[in-house]
Structure formats: C-alpha cells, structure tokens
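Colleague: Questions regarding the structure given below will be posed in turn.
The values are calculated or read from the model by the stated rules, or taken from the named source; none is laboratory data. It should be emphasised that the depicted structure is a prediction, and the values quoted were computed from it without experimental measurement. When we count neighbours, we look across all protein chains shown, and the Cβ atoms used for this are built from the backbone with ideal geometry, even at glycine. Quick note on the areas: whole protein, heavy atoms, side chains included, nothing else; ligands and nucleic acids left out. Shrake-Rupley method; radii C 1.70, N 1.55, O 1.52, S 1.80 Å.
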Amino acid sequence: MPVADTFHFDNVVNIAAIIALVTFFLKYVIDGYIGRRRNIRERRKMILALYTEVKLNVDNLREDGGQIDFHDIAGFLAASPQNAPHIVVFYYSDIYKSKFNTLSDLPDVLIKNIVQFYGELEYIGLLAASLTKPSFQVVSQRAREATIMELQKALAEALSGGTKLLGAFDLIMPRAPHRE
C-alpha cells in the first residue's frame, strides 16, 4: 500500500472520529437542554397545580371561618350540652399528596410553608371532627369553648398562612397571569 493511500485512509478515519465525537457532544448538549426545559415545564406545572389547590383551600377557609358566629358561642354552648357548631370541613390535598416527593425541587422556605399549611388544614379537620364526637357533649362547657376557640384560632392561622403562601407562589412565578 502506497504511503499516500495510508495517509488518506488515516485522515478519513480521523475525520470520521472527530465527526462522531462532535455529533455525540452536540447530542449530549441538546438532550441536556431538552431535559432542562422539560424539568422547568414540569416544575411550573407542579407549582401551578399546588397554587390552585392552595387557592381552593384558602377560599374554603374564608367560607368556613364565616360559618361560626364566635361572638356568642358561650351562650350557645350553655343552652344545651348537645349544642355544637356545625362546620363542614373539606379541604383539598390530592395534588399535595401526589407531589409530596417532588417538593424538594422547590425553595426550602416554600417547602416549609406548604407543609405547615397542609398540617394546619389537617389540624382543623381534627378539631372540626371532635365537635361531632359524643365526648364533646360530656366535657365541661369551658373545655367545649376552648375547643371552639382553638378552632377559630386554627382557621385564622391557616387563612393567614395560606394567603402568605399564595403570595410566595407569585414571587417564584412572576410571569404567571394574575390570579384572584
């Protein structure tokens, strides 16, 4: 084999290897870019879904807080041991529960506030459920009042925390359309 043919063959092999490496590198860069864009879209969808669920819960908190007239609760409870405010507590947590393992993608402060908000909702549910228990009728009026006042406090704290949480969502997604 002449030297010129060997030289030509080596150049072709080298050029083919370089083209293969450049192609591999470009594919790696493009796949990384596409993956990052996909992750950003998925994160945005998760945040919007959580925002929507928190908004529904905040609206429910406003409604639940207005169901109880806390001003004359002592008189209401004194009238009969069977008296208890009727409060229907229904909060949404399907999205929170399904996305719980992916919350780590969010800023730490936001994660803390989300977990705290849903913990407050659970606590409100427990307090509201305790109003319907037979044991609520047999405890002292002072204990019944304290339970209802604790419910009032929990509703107010959860409403405040949920409202702040909605503001935090708006801060991390400033391009999102204004939500009411």
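Colleague: Would the range 163-173 turn up any residue that is more than 20 Å from R43 (Cα to Cα), out of contact with any Cys (no Cβ under 7 Å at 6 or more places or on another chain), open to solvent by less than 90 Å² (accessible area, probe 1.4 Å) and touching a residue at least 12 places away in the same chain (Cβ under 8 Å)?
Modeller: Taking every residue of the range 163-173 in turn, at least one turns out to be more than 20 Å from R43 (Cα to Cα), out of contact with any Cys (no Cβ under 7 Å at 6 or more places or on another chain), open to solvent by less than 90 Å² (accessible area, probe 1.4 Å) and touching a residue at least 12 places away in the same chain (Cβ under 8 Å).
Colleague: Among the residues of the range 64-83, are any within 35 Å of the chain's Cα centre (by Cα), at pLDDT 85 or above and open to solvent by 50 Å² or more (accessible area, probe 1.4 Å)?
Modeller: Within the range 64-83, none of the residues are within 35 Å of the chain's Cα centre (by Cα), at pLDDT 85 or above and open to solvent by 50 Å² or more (accessible area, probe 1.4 Å).
Colleague: Looking at T52, T23 in this structure, which one is loosely packed, with under 14 Cβ neighbours inside 10 Å, polar (S, T, N, Q) and in a helix (DSSP H, G or I)?
Modeller: Result of the check over T52, T23: T23.
Colleague: Let me ask another. Given the options L131, L103, L121, name the one that is modelled with pLDDT under 90, closer than 30 Å to A74 by Cα and surrounded by 13 or more Cβ atoms within 10 Å (Cβ to Cβ).
Modeller: L131
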